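Below: one structure, written as structure tokens.
The values are calculated or read from the model by the stated rules, or taken from the named source; none is laboratory data. Not measured: the values here are computed from a predicted model. All Cβ positions, even for glycine, are placed from backbone atoms using ideal geometry, and neighbour counts span all protein chains on display. What goes into the accessible areas is simple: the full protein's heavy atoms, side chains included, and nothing from ligands, DNA or RNA. Shrake-Rupley method; radii C 1.70, N 1.55, O 1.52, S 1.80 Å.
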Amino acid sequence: MKKNWWKESVVYQVYWRSFYDTDGDGYGDLEGVIQKLDYIQELGADVIWLNPCFESPDVDNGYDISDYRSIMSKAGTMETFDRFLQEVHNRGMKLIMDLVVNHTSDQHPWFKESRSSKDNPKRDYYVWRREPNNWRSYFTPSVWEFDDQTEEYYFHSFAVEQPDLNWENPMVRQEVYSFMRFWLDKGIDGFRMDVINLLAKQAGFPDAENPEDISYLGNNPGIHEYLQEMHREVLQHYDIFTVGEIPFVTPEDGLLYVGENRRELHTLFHFEVCDYMIHWDMQRYKEIQRRWYKGLWEKGWNSQFLNNHDHTRLVTRFGNDSIFRVESAKCFAVLLHLLPGMPYIYQGEEIGMTGVRYKSIQEYQDIAMKNKYKEEVEKGRDPGEVFKSLVHLSRDNSRTPVQWDESPNAGFTKGTPWIKVNPNYKEINVAQSLADPDSIFYFYKKLIQLRKENKIMVYGDYQEVLEDHQQIYSFIRELDHQRWLVVLNISELLVQVNVPESLSIAGKEMLLTNYKNEVDSNVEWALRPYEARIYRLL
Ligand code: GLC
């Protein structure tokens, strides 16, 4: 299998506005990330993915960009950015940035011009129509917004303030390539490409049979031509890494984006887990991993993640965020770092931060949640019920500030945080994690170190064992006569299994575990809640 530096990397995601605030405005900033780079380096991450920090009215937390070549004042200045990049490189790490080019802000000068008149040269930078169809957007009941000025509708896959660019227009594509080069020429190491499979739109916008299933937004004819052109014009000229955010995708389609011979992207995030598996579902999760392994292995590269800035923190959503918080955080860490594909750590995951439960909708900031709440309440549904139904998956669950220590506001800011700190910060924080040798933080650190020393974790092939077991997820990784066994009890039960000779762990070296002592049992595999173990079989 072809070896690449990025396949061997662990990525740490920095949602800077919630990371660390140095100027007291309540928002994290790039200076704050600089000050905490040693912390990220201590963990052992190789690559930082920085969420968008470009000029933006901030309707969707920076995913509505009004100037692609400047830094949002909340984040800092271009000077701070340049220093940040330098400091990342000084520590031997790499930086990838968000590329948000499916849409801009409605405050982008292109859109202001585009909406000003039908014959404006920028009219065709966006998608305009005389009649809407029945499609929904991610954040609103319709993808179409009527604009009084020219009495036509424009298309938006997300909020009304995020009009979609018209990728059919070659001038739009050249503008995008040009500012991609601008950042790459500064020396950044690649891009995380926001909803990149949404660029091509369906010709003629036919009505959907089921408008609630918004998969019509993605994977439309033309998308691969755009990405291949982007590769030809920009990507291939730099030694960089790219990961596409690609919803609604099967392994078969996924391979079209990341196949090693395709000259499009290196890896992808698919959302079969995070968009559809609301709580942990062992059989489903195993089935997803099986299918993606079969579909991509030796042909393209996958990513492993269970949360990010859009998806509720993993201990709260899939594990246990009370009595087994530490055990479940470590257990999922083993899962993510031992499955085939690049592991992603979302800030705070490494200390087992949890989701949040604010009391009322007013305390939430997430535009997706707020819009949905409004829509449902306007339909006449009971507000309390609607609120309850939205809390579990609200994006704010993972957007609360990083909990640095037990001082006010978790040491995140000296001002008023843009979003309330999770009240559990006195028990869960970085200072406490760094002081405890058994902490989740040091467990992640060990896992990352293990990966650096053992290429089997990257390039080893994958075979599942005990496929149908409801509590145990176990698999073997194998590379060049080495064989490792991973055994995870993803449940709150004590689980005992008799295993065949080939899975015997008697006398085998245990490489890592999240429990201190062995269980006293006659049965070979006896695992406590969320117990995780890695053995060297060969
Ligand atoms: C992606 C981002 C999300 C954003 C959306 C629109 O899904 O991760 O935060 O709201 O794209 O840009």
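Worth pointing out:
- Pairs from LYS186/LYS452; LYS74/LYS294; LYS294/LYS446 whose Cα-Cα separation, in the structure shown, is over 32 Å: LYS74/LYS294
- Helical runs assigned H by DSSP (4 residues or longer) give the chain a calculated mean residue ellipticity at 222 nm of -8000 deg cm²/dmol, each run adding -39500 (n - 2.57) before division by the residue total.
- Looking at the chain, the accessible area is 39 square angstrom per residue; that uses a 1.4 Å probe and ignores ligands, DNA and RNA.
- Per-q log10 I(q)/I(0), region 116-252, q = 0.20 Å⁻¹ (Debye; single scatterer per alpha-carbon; no solvent): -1.28
- Annotation note: GluC sites (Glu not before Pro) in region 308-407 located in DSSP loop regions with a Cβ neighbour count of at most 15 within 10 Å are GLU406.
- Values of log10 I(q)/I(0), in the order q = 0.14, 0.20 Å⁻¹, for region 425-490 under a Debye, Cα-only, solvent-free model: -0.60, -0.88
- Heavy atoms of MET1 accessible to a 1.4 Å probe, total area in Å² rounded to 10: 90
- Column: log10 I(q)/I(0), Debye, Cα scatterers of region 1-119, q = 0.10, 0.22, 0.23 Å⁻¹: -0.36, -1.22, -1.30
- Cα-only radius of gyration and Dmax that characterise region 64-173, units Å: 17.1, 54
- When Rg and the Kirkwood radius Rh are both evaluated on Cα atoms of region 386-538, their ratio Rg/Rh stands at 1.07.
- Exposure check, 1.4 Å probe, all protein chains in place: TYR153 carries approximately 50 Å² of accessible surface.
- Among the chymotrypsin sites (Phe, Trp or Tyr not before Pro) within region 1-67, those in coil by DSSP and having at most 15 neighbouring Cβ atoms inside 10 Å are TRP5.
- Radius 12 Å from Cβ of GLN228, net charge of other residues (Lys, Arg +1; Asp, Glu -1): 0
- One way to sum up the overall shape of the chain is the equivalent ellipsoid from its Cα gyration tensor, whose semi-axes run 39, 26, 24 Å, largest first.
- Sites matching trypsin sites (Lys or Arg not before Pro) across region 71-133 that sit in DSSP coil, with at most 10 neighbouring C-beta atoms within 10 Å: ARG130
- Peptides ranked, highest mean first, by Cβ atoms within 10 Å: ranges 508-519, 261-272, 336-347: 336-347, 261-272, 508-519
- Taking only the C-alpha atoms of region 328-465, Rg followed by Dmax gives 18.8, 58 Å.
- Fraction of accessible area attributable to carbon and sulfur, the chain (%, probe 1.4 Å): 47
- 5 angstrom amide H check on SER142, placed H, neighbours 5+ away: SER137
- Environment charge of TRP5, counting only residues whose C-beta is closer than 10 Å and scoring Lys/Arg +1, Asp/Glu -1: -1
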